[in-house]
Amino acid sequence: MNHKVAFSFADGKTLFFPVQANEILLDAALRNGINIPLDCREGVCGTCQGRCESGDYSQDYVDEEALSSQDLQQRKMLTCQTRVQSDAAFYFDFASSLCNAAGPDQFTATVTDVKQVSASTAILHLNLGKVGPSLDYLPGQYARLLIPGTGNKRSYSFANRPSVSNELQFLIRLLPDGVMSNYIRERCRVGDEIALEAPLGAFYLRHIARPLVLVAGGTGLSALLGMLDELAERGCEQPVHLYYGVRDAADLCEQARINAYEQRIPGFRYTEVVSDPSPHWTGKRGYIAEHFDVAELRDGQVDMYVCGPPPMVESIKTWLQAQALDSVHLYYEKFTESNA
Ligand code: FES
């Protein structure tokens with residue numbers, strides 16, 4: 001049985017390839033044109049090392065000079081000694097160019113739906129069609145879209161998990177005057193073709209061994225919806241707490257979908273926070289970190305995924321340091337919104 005493997009690199013590129021049953025990972029990578037740096041091929045030199053981010057694997061031989069017991073606990077691995085027993089994702093702390101690996105693939109997708117889902121947000125549905133290549137990506141990653149009728153490209157996180165139907169979703173922040181915002185409001189029609197390149201980004205769901213805290217600011221929710229769809233589909237035995245912060249209550253979107261995760265993911269909790277609400281708002285107000293469940297973070301040894309504007313990400317990092325919550329593994333994407 002073949003397994004699907006993703007290799008992600010420090011420059012944000014991710015490459016997918018099939019691995020045959022019981023095949024050495026390095027052999028599969030080389031067969032697919034991914035020339036991981038190597039030397040001994042015997043598990044001794046450590047040159048081919050990476051880290052398993054998700055999935056099950058075993059290693060034939062690992063010399064203690066190559067990886068220490070602490071390295072092994074951190075799921076570091078040697079590509080020349082690794083065999084996978086499931087679909088899996090690995091990270092390498094060097095640029096993909098070292099492997100002569102090609103960059104993200106280019107696709108042309110068709111608009112299948114577009115609608116406004118809050119005062120400041122639209123959701124764009126694209127489909128790559130049943131003919132041609134399917135697009136593999138890791139939940140949390142993003143695509144760069146060429147906006148029709150312009151030479152401008154903008155980056156958006158996938159708001160759903162990859163599927164055989166090749167359907168892609170993206171949350172789009174609607175600016176008063178922006179190239180993508182104007183296209184969405186004025187010209188976007190079902191049937192439009194949009195060129196895109198993907199997958200991109202090093203923000204994605206890792207191996208799940210601890211409780212998860214997901215933190216979204218504005219349309220940073222998009223990447224986390226992709227992760228939540230993945231958790232709902234493949235099952236998750238760890239508790240999952242989603243925090244979602246917006247400026248005004250009218251900016252909240254995809255509420256029915258978020259609430260439905262309570263049925264789809266056991267142990268799912270949801271907290272929404274509005275930073276600048278109208279006087280009628282009766283929910284939580286202020287900044288997200290003010291509403292973190294500190295006991296949950298202190299006791300739970302959690303993995304935290306944060307996607308939002310740079311000031312929000314920075315404020316959460318500062319807050320975690322101030323609370324001395326060193327046990328929290330923090331993964332984040334600073335979601336820089338274009339002003340035009
Ligand atoms: S190439 Fe030397 S440990 Fe893999």
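Laid out as a table, the results:
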{"item": "Hits in the stretch 197-231 - residues which are surrounded by 23 or more Cβ atoms within 10 Å (Cβ to Cβ), part of a strand (DSSP E or B) and hydrophobic (A, V, I, L, M, F, W, C)", "result": "Ala198, Leu212, Val213, Leu214, Val215, Ala216"}
{"item": "Any hit, the stretch 35-48, residues being assigned to a strand (DSSP E or B), touching a residue at least 60 places away in the same chain (Cβ under 8 Å), among the aliphatic types (A, V, I, L, M) and surrounded by 20 or more Cβ atoms within 10 Å (Cβ to Cβ)", "result": "no"}
{"item": "Of all residues in the stretch 67-82 being in a loop (DSSP other than H, G, I, E, B) and away from the ligand (no atom under 15 Å from the Cβ), the one that is nearest to Ser8 (Cα to Cα)", "result": "Arg75"}
{"item": "Test set (1) touching a strand residue (DSSP E or B) at 6+ places or on another chain (Cβ under 8 Å); (2) closer than 23 Å to His3 by Cα; (3) in a loop (DSSP other than H, G, I, E, B) - Ser58 fails condition number", "result": "(3)"}
{"item": "Output for the stretch 92-116, where each listed residue is in a strand (DSSP E or B) and under 30 Å from Ile194 (Cα atoms)", "result": "Asp105, Gln106, Phe107, Thr108, Ala109, Thr110, Val111, Thr112, Asp113, Val114, Lys115, Gln116"}
{"item": "Failed item, numbered, when Gln85 is tested on (1) surrounded by fewer than 19 Cβ atoms within 10 Å (Cβ to Cβ); (2) within 16 Å of the ligand (Cβ to nearest atom)", "result": "(2)"}
{"item": "Flag for Ala122 being small (Gly, Ala, Ser), in contact with a Leu (Cβ under 9 Å, 6 or more places away or on another chain) and within 16 Å of the ligand (Cβ to nearest atom)", "result": "no"}
{"item": "Residue in the stretch 132-145 that is over 18 Å from Glu230 (Cα atoms), assigned to a strand (DSSP E or B) and at pLDDT 95 or above present", "result": "yes"}
{"item": "Number of the condition not met by Leu15 [criteria: (1) outside any loop (DSSP other than H, G, I, E, B); (2) without any contact (Cβ under 8 Å) to a residue 40 or more places away in the chain]", "result": "(2)"}
{"item": "Residue match in the stretch 295-303 (condition: assigned to a strand (DSSP E or B) and in contact (Cβ under 8 Å) with a residue 24 or more places away in the chain)", "result": "yes"}
{"item": "Qualifying residue in the stretch 274-288 (condition: part of a helix (DSSP H, G or I), in the same structural domain as Asp248 (by TED's automatic domain parsing) and at pLDDT 90 or above)", "result": "yes"}
{"item": "Test set (1) within 15 Å of the chain's Cα centre (by Cα); (2) surrounded by fewer than 19 Cβ atoms within 10 Å (Cβ to Cβ) - Gly308 fails condition number", "result": "(2)"}
{"item": "Evaluation of Glu64 against (1) assigned to a loop (DSSP other than H, G, I, E, B); (2) surrounded by 13 or more Cβ atoms within 10 Å (Cβ to Cβ); (3) away from the ligand (no atom under 11 Å from the Cβ); (4) not hydrophobic (A, V, I, L, M, F, W, C) (one fails), failing number", "result": "(2)"}
{"item": "Sole residue being within 15 Å of the ligand (Cβ to nearest atom) and of a type in the set (Gly, Ala, Ser), chosen from Gly55, Gly12, Gly50, Gly33", "result": "Gly50"}
{"item": "Selection within the stretch 248-273 - within 20 Å of the chain's Cα centre (by Cα), hydroxyl-bearing (Ser, Thr, Tyr) and part of a strand (DSSP E or B)", "result": "Tyr270"}
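The values are calculated or read from the model by the stated rules, or taken from the named source; none is laboratory data. Small disclaimer: the values here were computed from a predicted structure and weren't measured. Glycine gets a Cβ as well: all are built from the backbone with ideal geometry, and neighbour counts include every protein chain shown.
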